[in-house]
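Here the structure is laid out as structure tokens; the discussion comes afterwards.
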Amino acid sequence: MANAPVIPSPSGSDASRLRRGARLLLARFHLPDAALPGSLALSHRRCGKPSCHCADGGGHPLWTLTFMAGGKKRVETIPADWVAAIRPRVEAGRRFKQAAAELLAINAELLVLARNQRPHPSRRPVPPPP
């Protein structure tokens, strides 16, 4: 991208507000080392043993982490004693993803403002001076 044209920075109160929002996001933008993607959910499964209590009730509790990896949905079982440690890692991943999405949206809005503030060449031909 050595020869890419320079896009001018937009001006005005909207651009200032967007840049301020971007700076605030970048100030808190830190990828947590142990962040995890996806969502953590509790479901209940029956084990299939006719004598088990789950045959008559709601089933055994089962925690799962659901996420996308390599374009495919993955569902991984999480041991119950890990849930307290996994939950904040999933929340950190969600906050990071949300901040990144907000920053990308701000950058797109700034690009649109810059394009709209670009001087447009006249569409009518200018007659030559007499």
Q. How many nm is it between the label spots at residue 33 and residue 49, if each spot is 7 Å from the Cα in line with the beta carbon?
A. 4.1 nm
Q.
Under a crude label model (7 Å from the Cα following the beta-carbon direction), how far is residue 20 from residue 117 in nanometres?
A. 1.5 nm
Q. Considering amide H positions built from the backbone, and no H for Pro or chain starts, which residues 5 or more places from residue 60, or on another chain, come under 5 Å of its amide H?
A. 45, 46, 47
Q.
What are the ³J(HN,Hα) couplings of segment 90-96, residue after residue, when phi is run through the Karplus curve with 6.51, -1.76, 1.60 and θ = phi - 60°? Round to Hz, x for glycine and proline.
A. 5, 5, 5, x, 5, 5, 4
Q) Residue by residue, what Karplus-based ³J(HN,Hα) values in Hz, rounded to whole numbers, does segment 100-111 have, using 6.51, -1.76 and 1.60 with θ = phi - 60° and x for Gly and Pro? A) 5, 5, 5, 5, 5, 5, 4, 4, 5, 5, 5, 5
**Q.** Amide H contacts of residue 78 (H built 1.01 Å from N, under 5 Å, at least 5 apart or other chain)
**A.** 63, 64, 65
**Q.** the chain, helix-only ellipticity at 222 nm - DSSP H runs n ≥ 4, -39,500 (n - 2.57), divided by all residues, nearest 500
**A.** -13500 deg cm²/dmol
(Q) Along the Cα→Cβ direction, 7 angstrom out, place labels at residue 104 and residue 69. What is the inter-label distance in nm? (A) 2.1 nm
**Q.** Relative contact order for segment 38-117, counting Cα pairs under 8 Å that sit 6 or more residues apart, in percent
**A.** 23 percent
Q.
Show me the GluC sites (Glu not before Pro) within segment 78-112 that DSSP assigns to loop and that have at most 14 other Cβ atoms within 10 Å of their Cβ.
A. none
Q | Among 128, 64, 26 - extreme Cα towards positive end, dipole of the chain, charges at beta-carbon | A | 128
Q: Could you quote the convex hull projected area for the chain, Cα atoms only and averaged over all directions, in nm²?
A: 16.1 nm²
Q. Using a cut-off of 19 Å between alpha-carbon atoms, which lysines can reach residue 97, once sequence neighbours fewer than 8 places away in the same chain are excluded?
A. 72, 73
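Where a number appears in this text, it was derived from the coordinates with a stated rule and is not lab data. Worth saying up front: this structure is predicted, and the values here are computed from it rather than measured. Every residue, glycine as well, gets a Cβ built from its backbone with ideal geometry; the counts of neighbours run over all protein chains shown.
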